[in-house]
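Worksheet: the structure to be examined is printed underneath.
The numbers here are math on the coordinates, done by the rules we state, and not lab data. Computed from a predicted structure; not experimentally measured. Don't worry about glycine lacking a Cβ; one is built from the backbone with ideal geometry, like all the others, and counts go over all protein chains shown.
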Amino acid sequence: MEKYDKKNPTSYAIGTTLAIEALLRKGEYVKKLYVSVKQNRDETYQKLMSLAKLNNVSVIENNQKIFSSLSGKDNVMFIAEFTKFSSSIDIKGNHVVLVNPSNMGNLGTIMRSSAAFGISFLAIISPGADAFDPKVIRSSMGAIFSLPFAYFPSFEEYAKQAGERHYYPFMLQSSTDLRSIKKEKPYSLVFGNEATGLDDSYLKIGTPVKIPQSSMVDSLNLDNAVSIGIYSFLD
């Protein structure tokens, strides 16, 4: 068993919580469930075994090498190996759009926030961090298995597929306070790269907005900005 490789068609949900989420939400994509020899045959074990049986997933209990290879931690008891999946765009729902996100931790946290606050689809404009990297899966706390998402080669290509909607690019260059705008549905909240943000071309798209902040910092972290943006659009 090799470590995760972006080129391979499979990835790993490492840890009990993530393995459960994978089996519950995307059980049809789970190929194998690895169980540590250190795992007690307790209620948690029985739950995972039931989910694996329900989804016709092979259970492997004698391969401790994969735990050393993928986690390097003594407290990881389960690893779910799954086939990468794709999602269809929801043209009626509300979206978050990430333009060239680079940080895997940010991407996973944004997935979690998006799922928590009712976003129906996450669009990632390439190039961007690999959503199937186990680091992203871990930081999403399993939200990757419940939040539909897809990659697009450009913002223009995303817009062609997204249907009629209202765009709100979040930009430091905007002079419009987020609190002052009329929020219309369905919407797409658009955010730029962690280092560069959105370029000036996005000032011509929809209603560019700015999150008001003090002069004590130059900008907010991307995952914080997205969480604020999503929450401000809640009914």
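What does the net charge come to around Y202 if you take all other residues with beta carbon closer than 14 Å to its beta carbon, with K and R at +1 and D and E at -1?
On the way: positive: K204, K210; negative: E156, D199, D200.
Its environment carries a net charge of -1.
Please report, to one decimal in angstroms, the Kirkwood hydrodynamic radius of segment 40-133 built from all distinct Cα-Cα pairs.
Working: mean 1/r = 0.0611 Å⁻¹.
One decimal place: 16.4 Å for the Kirkwood radius.
Using 1/(1 + (r/R0)^6) with R0 = 25 angstrom and r between the beta carbons of K210 and S102, what's the FRET efficiency to the nearest 0.05?
Numbers: r = 22 Å, r/R0 = 0.88.
Efficiency computed from Cβ-Cβ geometry: 0.70.
What dipole magnitude, in Debye to the nearest 20, does segment 95-232 give about its Cα centre under +1 on Lys/Arg Cβ and -1 on Asp/Glu Cβ?
Computed charge dipole of segment 95-232: roughly 440 debye.
Short version: what are the Cα gyration tensor semi-axes of segment 10-83, square root of 5 times each eigenvalue, largest first, in whole Å? Present the calculation step by step, with values, prior to reporting the outcome.
On the way: eigenvalues 58, 39, 20 Å².
Taking √(5λ) for each eigenvalue gives 17, 14, 10 Å, largest first.
Strictly greater than 25 Å: what percent of every Cα pair in the chain meets that?
Details: 12360 of 27495 pairs.
When every Cα pair of the chain is considered, 45 percent fall beyond 25 Å.
Report the FRET efficiency, 1/(1 + (r/R0)^6), for D199 and A116, where r is their Cβ-Cβ distance and R0 is 35 Å, rounded to 0.05. Spell out each step's value before the answer.
Values: r = 29 Å, r/R0 = 0.84.
For R0 = 35 Å, the calculated efficiency reads 0.75.
Apply the Karplus curve 6.51 cos²θ - 1.76 cosθ + 1.60, θ = phi - 60°, to the phi angles in segment 212-223 and return the couplings in whole Hz, x for Gly and Pro.
Rounded to whole hertz, the list is x, 8, 6, 7, 6, 9, 7, 6, 9, 5, 4, 5.
Would you please give the FRET efficiency between N75 and N8, computed as 1/(1 + (r/R0)^6) with r the Cβ-Cβ distance and R0 = 22 Å, to the nearest 0.05? Don't jump to the answer; show the numbers that get you there.
Details: r = 26 Å, r/R0 = 1.17.
E(calc), rounded to 0.05, equals 0.30.
Output ³J(HN,Hα) for segment 59-65: one whole-Hz value per residue in order, computed from phi by the Karplus curve 6.51 cos²θ - 1.76 cosθ + 1.60 with θ = phi - 60°, and x for Gly and Pro.
10, 10, 10, 10, 10, 6, 4
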